[in-house]
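Below: the structure, in structure tokens.
All of the numbers you see were taken from the coordinates with simple rules; none came from a lab. Because the structure is predicted, anything quoted here is derived from the model rather than measured. Cβ sites come from the backbone with ideal geometry, for glycine too, and all protein chains shown count toward neighbours.
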Amino acid sequence: MCLINFQFQEHPKYKLIVAANRDEAYNRPTAPAHFWENQPETLAGRDLSQMGTWLGITKHGRFAALTNFRHPDHMGTGEYSRGEIVANFLANDTPPFDYLSSLKLKRKNYTGFNVIAGDPDQLFYYSNVENKVTEVSNGTHGLSNHFLNTPWPKVVKGKNRLKKYAMEHEIIDEDVLFEIIADAEYAQDQELPETGIGLELERKLSPLFIKTPDYGTRSSTVLLIDRNNHVTFIERTYEKGNFKKENEKSFSFKIA
């Protein structure tokens with residue numbers, strides 16, 4: 001997952017609004033969102049290479065989402081897959097703060113990551129680079145491949161568009177959220193971060209929605225949880241940037 005825009009406890013009708021993109025190599029095997037056979041409470045897509053996930057929710061309302069941290073000092077291959085962080089959180093009932101705090105003890109076993117974890121009433125953020133667990137404040141937030149709310153162009157654009165739309169509409173249209181995160185416009189060079197990958201690649205990774213020959217946005221997820229704890233979860237998967245209606249998975253349930 002490389003972009004998570006979300007609004008938390010700021011809308012009169014919804015506790016949580018999430019619009020997120022997962023960016024990955026096109027050849028990495030992935031299963032679309034489903035309730036897992038070995039974790040039947042867990043709804044998420046699945047990385048079939050390491051059997052973890054980047055974003056998911058359970059029938060009891062536990063939610064987590066993860067992004068990689070992009071910096072030469074925190075890239076490469078870790079001892080453990082970062083996808084297990086979300087999967088393990090969704091599989092147990094450890095309080096979110098305690099779960100994220102426990103990651104401090106093994107943070108060096110993973111390459112750089114950020115994770116949001118909690119439920120519709122309380123969310124926490126942790127990065128093994130910063131190594132500090134913080135409670136997420138009410139409001140609109142963005143997370144890409146640096147710290148929470150780092151003002152990268154895609155984060156700023158996504159946050160602003162999500163906030164404007166949500167604050168102007170009582171009922172959220174999922175299609176509008178998908179349109180927001182389908183923006184493939186490059187950022188201006190002077191706005192680009194310097195993460196050690198070179199200017200040309202910084203450009204290609206600057207849009208909300210990424211398309212390159214071998215790597216790009218593989219799926220987009222919209223998650224809504226209203227004040228009555230009703231969950232709407234929609235995932236769209238793409239084939240090298242192209243969407244077909246049959247590649248949409250939609251789920252609806254009330255938190256137990």
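Using unit Cβ charges (K, R positive; D, E negative) and no other charged atoms, how large, in debye to the nearest 20, is the dipole of the chain about its Cα centre?
Numbers: 31 positive and 34 negative charges, 39 e Å.
Rounded to the nearest 20 debye, it is 180 debye.
I'd like the GluC sites (Glu not before Pro) in region 155-246 restricted to DSSP loop residues with at most 10 other Cβ atoms within 10 Å, sorted by number.
On the way: sites: E168, E170, E174, E179, E185, E191, E194, E200, E202, E235, E239, E246; in loops: E170, E185, E194.
Answer in residue order: E170, E194.
Looking at (1) 14.4; (2) 12.5; (3) 18.0, which value of mean projected area of the Cα convex hull in nm² comes from a calculation on the structure shown?
(2)
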